[in-house]
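Peer 1: Attaching a single structure in structure tokens format; questions to follow.
The values are calculated or read from the model by the stated rules, or taken from the named source; none is laboratory data. Nothing here was measured: the structure is a model prediction, and the numbers come from that model. Glycine gets a Cβ as well: all are built from the backbone with ideal geometry, and neighbour counts include every protein chain shown.
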Amino acid sequence: MHWPEDVAARYRAAGYWRAETFGRMLGDLAARYGSRPALVDGASGARWSFRDLDERADRLAAGLHAFGVRRGDRVVVQLPNVPEFYQVCFALFRIGAWPVFALPAHRSAEISYFCEFTEAVAYICPDEEHRGLAPDTPALVLGQLPEADPVELPEPSPGDVAFLQLSGGSTGLPKLIPRTHDDYIYSFRASAEICELTPDSVYLCALPAAHNFPMSSPGVFGALSAGAASVMAPDPSPGTCFPLVERERVTITALVPPLALVWLDAAANGGHDLSSLEVLQVGGAKFSAEAAKRVGPELGCTLQQVFGMAEGLVNYTRLDDPEEVVVSTQGRPISPDDEILIVDDDDRETDHGHLLTRGPYTIRGYWRAEEHNKIAFTPDGFYRTGDIVRRRPDGYLVVEGRAKDQINRGGDKIAAEEIENHLLAHPAIHDASVVAVPDPYLGERSCAYLICKGEAPAKGELRAFLRDRGIAAFKIPDRFEFVDAFPQTAVGKVSKRHLRERT
Ligand code: OOB
């Protein structure tokens, strides 16, 4: 699962891995930036300084330790965008326990799976109603988290796993991504540099805080590492965020493409002073060149395209890149040591095909997924991203498509197989195949093609059935189509390409 020792030594020698841990990083930041704002609660206006965050992390670490949380234990964390999100992260990092970052949209099917699979010792959730999502795991509710006087806790090693992030996935069950202190801290420090963050920058966390993009690209961790403040927005709508941009003089934020479109349209109506905004990052799904061209003129800020993945590799357009590069590419990697390999279906090198990558912050394997790792990684440690890209002569990447069996619904990732398995549990369904269909707003929506055993169930009944199985709402297919048979490939597998072409 880890990097070979000679590779690790190279990353240390190059200065990427600096033998730092999250816990120590926060202590150093508190010493350096003390009373400067670290986190602002967008809803209440509460402000936490670097020192506040450091002290609250220590008190919570002591409380969680007294509760029984130990080094290496897993704790499923499902919290909204509030400063406490980061208090919980740093408290667990100080103990050396691993947060498992669930999304706010996850429901009982996902949460109970994460708790069981990771053998979590606790589930930290937003409110009392969430307790029931994981009935067998002790729940700790926001607002009642255990705090105690700080205790001495041994520091974890920089090479240790710091947390488990979720993969977008293309298999029946989501895979867990082990990120270490060394590798993650490098990725957001280098990102903060690329995004030119200074202590006077103000980052707006508009997307769900648990997602890798607003967490580390450069995200809140990158902002903290640069001594900058982060504003936690309760939701990403212009109605919520525009007043926050104005009030807090936000300089940089990150959105997925559909939200960027909503922001562009809302900005045209005026009413808020967005002049502090210097950089709008857009990523998570392909941002069309037409929409990209609108950002500069209509929002008065620099667009930065971000093509990243929770498994590691993140590409950015640079802030001084010419417009042509910014609107028509998805950037280039963070690190000179990010290795990019583009191959055809037979793993022969080309400049337009499957993207494989390896580097100082890209994992070498999913956690407890030995069989899947044989498919998802090459024997020499390259991660098969499942993305189809083209590399331009200048080294910039253009995302051209996807080979993985996934729907990218405006940045929300849906593994087709996961939804097919839920549909197959319905007594009237004989076979199911879930595919992406193009959508002008979300980029893609999901469509379930179904073969029924007898009479087709009502579509409303199917939606209710999936809701009752406890899956996140964004995974419920936008469309259902009933068919007698699926088109097949030459070898007799379901041809999703032909299914997609039917719509
Ligand atoms: C980000 O991370 P994930 O793990 O939710 O999803 C990764 C996948 C990529 O493999 C790719 O298929 C797609 O999302 N993707 C993009 C994209 N950015 C991500 N596809 C086209 N254009 C883009 N700009 O989505 C993520 C993680 C860190 C930073 C930004 C995004």
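Peer 1: Can you tell me how many residues in segment 36-51 are without any contact (Cβ under 8 Å) to a residue 60 or more places away in the chain, out of contact with any helix residue (DSSP H, G or I) (no Cβ under 6 Å at 6 or more places or on another chain) and not in a strand (DSSP E or B)?
Peer 2: Adding up the residues that qualify gives 3.
Peer 1: Here's another thing I want to ask about it. Restricting segment 5-54 to residues that are exposed (fewer than 13 other Cβ atoms within 10 Å of the Cβ) and within 26 Å of the chain's Cα centre (by Cα), which is farthest from Met232 (Cα to Cα)?
Peer 2: Per the criteria, the residue is Gly15.
Peer 1: Sticking with this structure for a sec: Among the residues of segment 62-71, is any more than 18 Å from Ala233 (Cβ to Cβ), buried (at least 17 other Cβ atoms within 10 Å of the Cβ) and in contact with a Phe, Trp or Tyr (Cβ under 9 Å, 6 or more places away or on another chain)?
Peer 2: No, that holds for no residue.
Peer 1: If the requirement is being surrounded by fewer than 18 Cβ atoms within 10 Å (Cβ to Cβ), more than 15 Å from the ligand (Cβ to nearest atom), without any contact (Cβ under 8 Å) to a residue 60 or more places away in the chain and of a type in the set (A, V, I, L, M, F, W, C), which of these qualifies: Ala226, Ala268, Ala289?
Peer 2: Ala268
Peer 1: Further question: Please pick out the residue among Leu197, Leu176, Leu133, Leu92 that is more than 27 Å from Ala376 (Cα to Cα), within 16 Å of the ligand (Cβ to nearest atom) and crowded, with 20+ Cβ neighbours inside 10 Å.
Peer 2: Leu197
Peer 1: Give the number of residues within segment 459-501 that are in contact (Cβ under 8 Å) with a residue 24 or more places away in the chain and part of a helix (DSSP H, G or I).
Peer 2: Counting residues in segment 459-501 that are in contact (Cβ under 8 Å) with a residue 24 or more places away in the chain and part of a helix (DSSP H, G or I) gives 9.
Peer 1: When you scan segment 187-261 for helices (runs of 4 or more DSSP H) that lie fully inside it, which ones turn up with 1 or more residues that are closer than 17 Å to Arg47 by Cα and within 16 Å of the chain's Cα centre (by Cα)?
Peer 2: 219-225
Peer 1: Can you find, within segment 416-443, the residue that is farthest from the ligand (Cβ to nearest atom) among those that are buried (at least 19 other Cβ atoms within 10 Å of the Cβ), within 18 Å of Arg467 (Cβ to Cβ) and not acidic (Asp, Glu)?
Peer 2: Ile429
Peer 1: Within segment 292-322, take every residue that is small (Gly, Ala, Ser) and touching a residue at least 40 places away in the same chain (Cβ under 8 Å) and give me the one that is farthest from the ligand (Cβ to nearest atom).
Peer 2: Ranking the candidates gives Gly312 first.
Peer 1: Then there's this: Please work out which one of (1) outside any loop (DSSP other than H, G, I, E, B); (2) modelled with pLDDT under 95 is the condition Gly271 fails and give its number.
Peer 2: Among (1) outside any loop (DSSP other than H, G, I, E, B); (2) modelled with pLDDT under 95, Gly271 violates only (1).
Peer 1: Sticking with this one: Test Ala31 against the criterion of being free of Cβ contacts under 8 Å to residues at least 24 places away in the same chain, part of a helix (DSSP H, G or I) and hydrophobic (A, V, I, L, M, F, W, C), and give yes or no.
Peer 2: Here the answer is yes, as Ala31 does meet what is asked.
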